[in-house]
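The values are calculated or read from the model by the stated rules, or taken from the named source; none is laboratory data. Treat the numbers as computed from the prediction; the structure is a model and nothing was measured. All Cβ positions, even for glycine, are placed from backbone atoms using ideal geometry, and neighbour counts span all protein chains on display. With ligands, DNA and RNA removed, areas are computed over all heavy atoms of the protein, side chains included. Shrake-Rupley method; radii C 1.70, N 1.55, O 1.52, S 1.80 Å.
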Amino acid sequence: MSERAEQTVVVSGAAQSQIGRRLMRGELELTLEACLAAIDDAGLSRDEIDGLASYPGKMGGPAGFSGPGTPTVQDSLRLQLNWHRAGPEGAAQYAPIIDAVAAVAAGYARHVLVYRTVTEASAQKGGRSGIGLDGGGGGVPRMDGELGQMLPFGAFSASNWVAWHCQRYMHEYRLSREQLAQISLNARRNAALNDQAIYRDALTLEDYLSARMISTPLCLLDCDVPADGATAFVISAADYASEMKQPVIRFEAVGSALHDRPSWFQRGDLTSMAATDAARHLWSRTSLKPQDVDVAQLYDGFSWLTVMWLEALGFCEKGGAGAFIEGGEKIARDGVLPLNTGGGQLSGGRLHGFGLLYEAVLQLRGQAGKRQVGSDPRVAIAAAGGGPLAGAVLLARQ
Amino acid sequence: MSAEPKHGGVNGQAPFRVLPKISDDDRPFWTGGERGQLLLPRCKNCNRWHSPPAPLCPHCLSKALAFVPLSGRGKVYSFTINVQAWNPTFEHPYVIAVIELEEQSDLRLVSNIYGCSPESVEIGMPVSVFFEAFEDVWLPLFRPLVEEGGSDE
Ligand SMILES: [Zn+2]
């Protein structure tokens with residue numbers, strides 16, 4: 001196979017800010033903490049950063065969701081940029097990663113700083129919120145697009161939208177709540193070994209089954225936890241690898257496809273999501289196969305999304321995820337597919353896909369500390385998004 | 001019109017519903033309920049319906065579209081019983097369903113189902129539309145289909 005664009009690009013730096021619940025620190029302060037640490041991790045100075053990307057860019061919407069925009073970060077660090085982008089559309093939370101890979105491969109930039117910041121825990125204070133509520137009185141703007149087709153009917157939360165996918169899946173295939181619970185229980189076991197994780201206390205199946213319902217069939221422990229924190233990467237041209245101080249992690253393939261309808265309820269088969277399209281795209285761009293993956297970090301904003309990604313990426317057959325995760329042995333750190341080894345978002349905190357990618361990099365570098373997968377992982381996959389949003393990246397240690 | 005108590009609220013009050021921003025493209029869909037009609041565009045060229053309304057037929061790209069009343073009958077393709085009180089003006093729990101309309105298998109709406117207990121809703125359940133007005137929007141809501149004329153097919 002001729003060299004793909006991805007294979008000319010490496011992850012040279014990776015870092016996080018302080019992560020936690022209600023840190024009550026500013027989003028820009030957290031962002032700069034992570035960005036400067038990532039630049040240092042890459043062995044670079046800020047003068048050498050010539051690209052900047054983020055998701056979703058500065059926007060309205062739920063408080064604490066967007067983080068600072070790229071102009072603010074650029075100006076704060078006085079970066080001289082040849083390429084920059086941010087926006088809420090595209091291949092989910094990994095759009096800026098996937099775009100940065102393309103920008104580096106195309107030569108638009110040599111070292112792209114990519115960040116994602118959330119301060120939802122501090123912003124929400126009172127727990128999970130839905131969209132467009134704020135008191136339920138007057139003054140709520142009307143919604144257009146797909147939100148205008150869902151919110152009038154009280155489908156305020158992504159938990160509702162994911163729930164009706166999970167319900168349909170449980171109707172067509174075999175997936176019990178006991179099986180689904182394994183995604184949350186596995187995450188908690190891994191989080192116990194991650195000092196940055198938000199929830200580290202032991203969690204049992206009984207705890208899961210007695211947790212209150214949010215939106216059937218999803219209970220509280222199927223939902224991730226809002227967090228404060230920033231994650232940043234430096235994505236560089238592969239010819240920088242010889243100067244890197246960290247182990248070289250190369251991009252092997254990315255997946256960004258969206259072939260079916262861009263919708264939370266209009267996709268032909270609601271037992272799948274855009275992830276299926278993105279996953280097929282990713283595997284079309286590499287000679288590696290699912291069985292070559294040593295560690296998987298799959299989006300778990302809701303537990304069923306991980307089930308959905310497991311099938312989309314071909315780690316089990318369609319309809320077979322329930323059996324695959326049953327008992328949790330296969331997805332444990334010493335299983336055939338170590339999954340969400342840092343605790344994911346369910347226990348680690350909703351860093352919106354970037355925490356999962358960070359964990360993938362740490363595992364490939366052998367820097368995951370107490371939770372390091374023991375089999376010397378060389379290939380990792382990270383996938384983010386749900387519904388019409390999906391992006392995935394396959395990474396390999398050089 | 002407004003004398004009829006609205007479904008889904010607390011203590012006989014109408015629930016506070018976030019409303020759609022109506023455009024020229026979809027105005028018949030959101031206002032057809034005033035005449036009891038569920039309206040979506042149907043293509044005169046390929047005879048297929050589409051949702052949401054758009055200025056071109058997404059199947060054949062024809063502009064020859066007309067809003068045509070649907071039967072208002074469909075089936076529950078999937079659903080969820082929302083328990084979490086995101087909005088305290090809604091009576092909880094309530095059913096949010098993805099409804100597949102009978103005219104075409106890919107014609108779906110998100111809506112609520114009233115007129116039965118949430119626990120009795122299941123995938124495949126036949127439902128029929130009714131409308132409630134909120135400001136200038138007539139929201140299509142659904143209830144279990146009651147067969148007319150004794151047909152129990
Ligand atoms: Zn047509």
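For this structure, a couple of remarks:
- Subset of region A:307-331 that is at positive phi and part of a helix (DSSP H, G or I) - its residue that is most open to solvent (accessible area, probe 1.4 Å): A:Gly327
- Considering residues of region B:12-30 that are open to solvent by 30 Å² or more (accessible area, probe 1.4 Å) and within 16 Å of B:Leu141 (Cβ to Cβ) only, the residue nearest to the other protein chains (Cβ to nearest Cβ): B:Phe16
- When restricted to residues that are closer than 24 Å to A:Ala158 by Cβ and more than 9 Å from chain A (Cβ to nearest Cβ), region B:115-135 contains 2.
Here's the yes/no breakdown for (1) surrounded by fewer than 22 Cβ atoms within 10 Å (Cβ to Cβ); (2) within 16 Å of the ligand (Cβ to nearest atom); (3) assigned to a helix (DSSP H, G or I):
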residue	(1), (2), (3)
B:Gly33	yes, no, yes
B:Pro41	no, yes, no
B:Ser51	yes, yes, no
B:Val68	yes, yes, no
B:Val98	no, no, no
B:Leu109	no, no, no
B:Glu119	yes, no, yes
B:Glu122	yes, no, no
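- Residue in region A:203-215 that is at pLDDT 95 or above, crowded, with 22+ Cβ neighbours inside 10 Å and within 14 Å of chain B (Cβ to nearest Cβ) present: yes
- Check on A:Trp304, outside any loop (DSSP other than H, G, I, E, B) and within 14 Å of another protein chain (Cβ to nearest Cβ): yes
- Candidates A:Ser12, A:Ser76, filtered to the one that is in contact (Cβ under 8 Å) with a residue 24 or more places away in the chain and crowded, with 23+ Cβ neighbours inside 10 Å: A:Ser12
- Selected residue (only one of A:Ala102, A:Ala95 is crowded, with 21+ Cβ neighbours inside 10 Å, modelled with pLDDT of 95 or more and not in a strand (DSSP E or B)): A:Ala95
- Taking the conditions (1) in contact with a strand residue (DSSP E or B) (Cβ under 7 Å, 6 or more places away or on another chain); (2) open to solvent by 50 Å² or more (accessible area, probe 1.4 Å); (3) of a type outside the set (Val, Ile, Thr) in turn, B:Asp136 satisfies each one other than (1).
- Meets criteria (among the aromatic types (Phe, Trp, Tyr) and free of Cβ contacts under 8 Å to residues at least 24 places away in the same chain) for B:Trp49: no
- Subset tally (residues that are within 14 Å of chain A (Cβ to nearest Cβ) and more than 9 Å from the ligand (Cβ to nearest atom)) for region B:53-66: 2
- Check on B:Ser151, at pLDDT below 95, within 11 Å of chain A (Cβ to nearest Cβ) and more than 24 Å from A:Met143 (Cα to Cα): no
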